[in-house]
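Here the structure is laid out as structure tokens; the discussion comes afterwards.
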Amino acid sequence: MKRFVSENVHDQVIVDVVFEAAQGAVKATNEFGDDAVVNGAFGTYFKDEGGLLTFETVYRTFDKVEDVHKARYAAGIEGSPEFRAAVKDWLFTSEGIEIDCDIVATPGGTGALSSTVKNALSPGDTVIHPDIGWGPYKTIARQHNVEIANYKLFDGDKFNIASFKDTCRDVMERQGKVLAFVNDPCQNPTGYTMKDTEWEELLAFVNELSEEGPVILLQDVAYIDFTLQGPAYRKHFERFKDLAENVLVVIAFSVSKTLTAYGMRVGAQVLIGKNEEERTRFKNAASNTARGVWSTVNNGGMRVFSEIASDETTKKAYLAEKEEFVQLLKERAEIFKLEAEEVDLPIYPYEEGFFITLRIDDAAVKNALHLALKKKNIFFVNVYGGLRIAICSIPKRKLRGLAKRIKETLAEVEKDRE
Ligand SMILES: Cc1ncc(COP(=O)(O)O)c(C=O)c1O
């Protein structure tokens, strides 16, 4: 039977575990009051005193953007020249890194991820993801009718380079090309940041693998501006100067996270690779996707980012404002990590960033714990291999004692299952 929707689209009700958990938390807060609820579901930054974090520098800069500029289409399908220059400066030049790249503005990091999958792979192909990763990666793959092969993210407490290599080799053998996602730094949902040696081994492997076919390595840097390393993390990008001819790196950059301006829908796809002809082809494909899917990116949003990146005083003010919240995340993480250790509650190796994930291998136990916590008005996101705790949205006062409450609930769940 023919339907209104095509046979090729994903037409099931969207079950987004983050939105679902967040709605539960909001409902409980309305019913029982804020003090009675731990909302660790939202992936957006909330202040300790409550309320979504908004930076003064961002919104006062936005206020100064003229109405006509906000109203206008962007000056180019690939994004305004000022925005593209600002992204390049933000990621590379401001830290003294000279790197040849093409930049296409996208609606958030999501736009960059989706456009990359669409333009690197054909329907029926396979994209490579970490087994523990951001949920919408799967939704994006489905949008493009692409299969998923997962590499194991961890080997104990380390990046599982062996699994990454095996998965890539296997896909290369079947497909003749590879598109692999790496989310670093501050991985969502674990808060892991790869070590220098891990990156070096990964890139040496990618270069070697590219002798068999094209390799597109997507580095999702959504949380780059929340690493404790600060701008020093950017030195990592120097490594992309040594890519083999048949490797293309795509950096997915999210202004949503950098400016905590999620609704502004600004991001970028940054293409790096020695083969200029092939890179230009990819950029052209990405520009066609822009025109045919979203047209142009929020013009006022691009201006705000450009102003912050290019005006020294504004950038300094933004960095100072943000630093307070990088440190606050660290304090929140320390409270939870220390208490988790005290009560022997296992978590994945957390270094930094918005999320900590409880390590629960048994899916039945994990699901039962998720439910039992919900009944106590504690809301987390159920992810592969555990429960994600968004410390970006839990104030310190609510983090104190939380590990113990979780541990007690886990004991109750395990008792019930006996
Ligand atoms: C790992 C990761 N990548 C990309 C994104 C994309 O965010 P946006 O499209 O708002 O820039 C998110 C947002 O939560 C994320 O957590």
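The values are calculated or read from the model by the stated rules, or taken from the named source; none is laboratory data. Note that the structure is predicted; figures quoted are calculated from it, not measured. Reconstructed Cβ throughout: ideal geometry from the backbone, glycine too, with neighbour counts over all protein chains shown. Each accessible area value is taken on the protein alone, full model and side chains, heavy atoms only, with ligands, DNA and RNA left out. Shrake-Rupley method; radii C 1.70, N 1.55, O 1.52, S 1.80 Å.
What the table below lists for this structure:
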quantity: Wholly within segment 153-265, helices (runs of 4 or more DSSP H) carrying at least 3 residues that are within 16 Å of the ligand (Cβ to nearest atom) and touching a residue at least 12 places away in the same chain (Cβ under 8 Å); calculated: 255-258
quantity: Per-region count, segment 123-141, residues part of a strand (DSSP E or B) and either out of contact with any Cys (no Cβ under 7 Å at 6 or more places or on another chain) or of a type in the set (Phe, Trp, Tyr) (or both); calculated: 4
quantity: Sole exception among (1) touching a His at 6+ places or on another chain (Cβ under 7 Å); (2) open to solvent by 20 Å² or more (accessible area, probe 1.4 Å) for Val293, by number; calculated: (1)
quantity: Given (1) surrounded by fewer than 19 Cβ atoms within 10 Å (Cβ to Cβ); (2) free of Cβ contacts under 8 Å to residues at least 40 places away in the same chain; (3) assigned to a helix (DSSP H, G or I), number of the condition His370 does not satisfy; calculated: (1)
quantity: Residue that is more than 25 Å from Lys315 (Cα to Cα), out of contact with any Lys or Arg (no Cβ under 7 Å at 6 or more places or on another chain) and surrounded by 14 or more Cβ atoms within 10 Å (Cβ to Cβ), where the choices are Val17, Val38, Val5, Val87; calculated: Val17
quantity: Any pair with Cβ under 7 angstrom, 6 or more apart, that starts in segment 293-313 at a residue that is of a type in the set (Phe, Trp, Tyr) and ends at one that is part of a helix (DSSP H, G or I); calculated: Trp294/Gly111; Phe305/Phe83; Phe305/Ala86; Phe305/Val255
quantity: Test: residue in segment 50-60 that is away from the ligand (no atom under 14 Å from the Cβ) and at pLDDT below 95; calculated: yes
quantity: Those helices (runs of 4 or more DSSP H) lying entirely in segment 1-82 with at least 3 residues out of contact with any Cys (no Cβ under 8 Å at 6 or more places or on another chain) and over 16 Å from Met264 (Cβ atoms); calculated: 17-32
quantity: Qualifying positions in segment 80-116 - within 12 Å of the ligand (Cβ to nearest atom) and among the acidic types (Asp, Glu); calculated: none
quantity: Subset tally (residues that are closer than 29 Å to Ala232 by Cβ, open to solvent by less than 60 Å² (accessible area, probe 1.4 Å) and of a type outside the set (A, V, I, L, M, F, W, C)) for segment 96-114; calculated: 7
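Let's see how each residue does on (1) β-branched (Val, Ile, Thr); (2) in a helix (DSSP H, G or I); (3) under 16 Å from Ala105 (Cβ atoms):
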{"residue": "Lys274", "(1), (2), (3)": "no, no, no"}
{"residue": "Ala285", "(1), (2), (3)": "no, yes, yes"}
{"residue": "Ala309", "(1), (2), (3)": "no, yes, yes"}
{"residue": "Ala317", "(1), (2), (3)": "no, yes, no"}
